[in-house]
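Colleague: Here you go, one structure.
The values are calculated or read from the model by the stated rules, or taken from the named source; none is laboratory data. Given the structure is predicted, the values throughout are model-derived calculations rather than measurements. Note that we place each Cβ from the backbone using ideal geometry, even for glycine, and neighbour counts take in every protein chain shown. Note: accessible area is taken over every heavy atom of the protein model, side chains too, but ligands, DNA and RNA are not part of it. Shrake-Rupley method; radii C 1.70, N 1.55, O 1.52, S 1.80 Å.
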Amino acid sequence: FKLQSIDFDPNIELLPGINVSAKSLGIQIEVVGELRPSKDGKGVEGRIGFVSGGDLPPPMRLLPEPALKSASDLICKTVNDFAIMSFQNGARKKYKEFVAMRQKQKQ
(Lines give C-alpha, C1' and ligand atoms only; values in the text may rest on other atoms or scores of the structure.)
Protein backbone atom coordinates (compact mmCIF):
# COMPACT_ATOMS: atom_id res chain seq x y z
CA PHE A 1 0.00 0.00 0.00
CA LYS A 2 1.04 3.61 -0.48
CA LEU A 3 0.99 6.37 2.09
CA GLN A 4 1.13 10.13 1.91
CA SER A 5 1.26 12.74 4.63
CA ILE A 6 -1.42 15.26 5.43
CA ASP A 7 -0.22 18.50 7.04
CA PHE A 8 3.11 17.08 8.25
CA ASP A 9 5.01 19.36 10.66
CA PRO A 10 7.95 18.08 12.74
CA ASN A 11 8.13 21.23 14.93
CA ILE A 12 11.80 21.82 14.13
CA GLU A 13 14.17 22.72 16.97
CA LEU A 14 16.67 25.15 15.43
CA LEU A 15 18.29 26.04 18.74
CA PRO A 16 17.95 24.31 22.12
CA GLY A 17 14.50 25.11 23.48
CA ILE A 18 13.44 27.06 20.38
CA ASN A 19 10.93 25.08 18.34
CA VAL A 20 9.73 26.48 15.03
CA SER A 21 6.94 25.20 12.82
CA ALA A 22 7.79 24.38 9.22
CA LYS A 23 4.97 26.69 8.11
CA SER A 24 6.50 29.67 9.93
CA LEU A 25 9.77 29.01 8.08
CA GLY A 26 7.91 28.86 4.76
CA ILE A 27 8.75 25.18 4.28
CA GLN A 28 6.36 22.62 2.82
CA ILE A 29 7.12 19.01 3.75
CA GLU A 30 5.51 16.02 2.08
CA VAL A 31 6.17 12.53 3.40
CA VAL A 32 5.49 9.64 1.04
CA GLY A 33 6.15 5.94 1.06
CA GLU A 34 5.26 2.49 -0.11
CA LEU A 35 4.89 -0.50 2.18
CA ARG A 36 4.08 -4.19 1.84
CA PRO A 37 3.65 -7.04 4.31
CA SER A 38 6.98 -8.37 5.55
CA LYS A 39 8.08 -11.84 4.44
CA ASP A 40 7.47 -13.26 7.91
CA GLY A 41 3.99 -11.68 8.02
CA LYS A 42 4.66 -9.95 11.34
CA GLY A 43 4.77 -6.40 10.04
CA VAL A 44 5.44 -4.23 7.01
CA GLU A 45 8.55 -3.24 5.12
CA GLY A 46 9.25 -0.69 2.44
CA ARG A 47 10.48 2.83 2.01
CA ILE A 48 9.41 6.22 3.25
CA GLY A 49 10.94 9.54 2.37
CA PHE A 50 10.18 13.20 2.15
CA VAL A 51 10.33 16.12 -0.22
CA SER A 52 10.55 19.66 1.06
CA GLY A 53 10.72 23.09 -0.43
CA GLY A 54 9.81 26.69 0.10
CA ASP A 55 11.03 30.25 -0.02
CA LEU A 56 13.49 31.50 2.56
CA PRO A 57 12.17 34.28 4.79
CA PRO A 58 13.98 37.60 4.11
CA PRO A 59 16.26 37.49 7.21
CA MET A 60 17.51 34.00 6.31
CA ARG A 61 18.38 35.13 2.77
CA LEU A 62 21.27 37.14 4.23
CA LEU A 63 22.96 34.09 5.77
CA PRO A 64 26.10 32.72 4.11
CA GLU A 65 25.69 29.49 2.14
CA PRO A 66 27.55 27.29 4.69
CA ALA A 67 25.13 28.43 7.42
CA LEU A 68 22.14 27.68 5.18
CA LYS A 69 23.58 24.26 4.35
CA SER A 70 24.03 23.47 8.05
CA ALA A 71 20.48 24.61 8.77
CA SER A 72 19.05 22.58 5.88
CA ASP A 73 21.00 19.50 7.00
CA LEU A 74 19.60 19.93 10.52
CA ILE A 75 16.08 20.34 9.16
CA CYS A 76 16.44 17.23 6.97
CA LYS A 77 17.73 15.15 9.89
CA THR A 78 14.96 16.43 12.16
CA VAL A 79 12.27 15.70 9.56
CA ASN A 80 13.73 12.26 8.85
CA ASP A 81 13.93 11.29 12.53
CA PHE A 82 10.45 12.65 13.25
CA ALA A 83 8.92 10.95 10.22
CA ILE A 84 10.38 7.58 11.16
CA MET A 85 9.28 7.87 14.80
CA SER A 86 5.78 9.10 13.89
CA PHE A 87 5.36 6.45 11.25
CA GLN A 88 6.49 3.65 13.54
CA ASN A 89 4.12 4.74 16.30
CA GLY A 90 1.18 5.35 13.94
CA ALA A 91 1.77 2.24 11.86
CA ARG A 92 1.81 -0.03 14.91
CA LYS A 93 -1.45 1.44 16.16
CA LYS A 94 -3.19 1.29 12.77
CA TYR A 95 -1.91 -2.23 12.07
CA LYS A 96 -3.33 -3.46 15.40
CA GLU A 97 -6.66 -1.81 14.55
CA PHE A 98 -6.60 -3.45 11.11
CA VAL A 99 -5.91 -6.91 12.58
CA ALA A 100 -8.69 -6.46 15.16
CA MET A 101 -11.14 -5.40 12.45
CA ARG A 102 -10.21 -8.40 10.28
CA GLN A 103 -10.70 -10.76 13.22
CA LYS A 104 -14.15 -9.29 13.88
CA GLN A 105 -15.08 -9.73 10.22
CA LYS A 106 -14.11 -13.42 10.37
CA GLN A 107 -16.40 -14.08 13.34
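Colleague: Could we say that Asp9 is at pLDDT below 75, open to solvent by less than 90 Å² (accessible area, probe 1.4 Å) and not in a strand (DSSP E or B) here?
Modeller: Judged against the criteria, Asp9 is a match.
Colleague: For region 32-80, which residues satisfy the criterion of being in contact (Cβ under 8 Å) with a residue 60 or more places away in the chain and under 10 Å from the mean Cα position of the chain (by Cα)?
Modeller: Those that are in contact (Cβ under 8 Å) with a residue 60 or more places away in the chain and under 10 Å from the mean Cα position of the chain (by Cα): Thr78, Val79.
Colleague: I would also like to ask the following. Please indicate, with yes or no, whether at least one residue in region 20-36 is modelled with pLDDT of 75 or more, surrounded by fewer than 11 Cβ atoms within 10 Å (Cβ to Cβ) and in contact with a strand residue (DSSP E or B) (Cβ under 7 Å, 6 or more places away or on another chain).
Modeller: Yes - at least one qualifying residue is present in region 20-36.
Colleague: Let me ask something else about it. Being modelled with pLDDT under 80 and open to solvent by 90 Å² or more (accessible area, probe 1.4 Å) is the filter here, so list the residues in region 62-88 that pass it.
Modeller: The one that is modelled with pLDDT under 80 and open to solvent by 90 Å² or more (accessible area, probe 1.4 Å): Met85.
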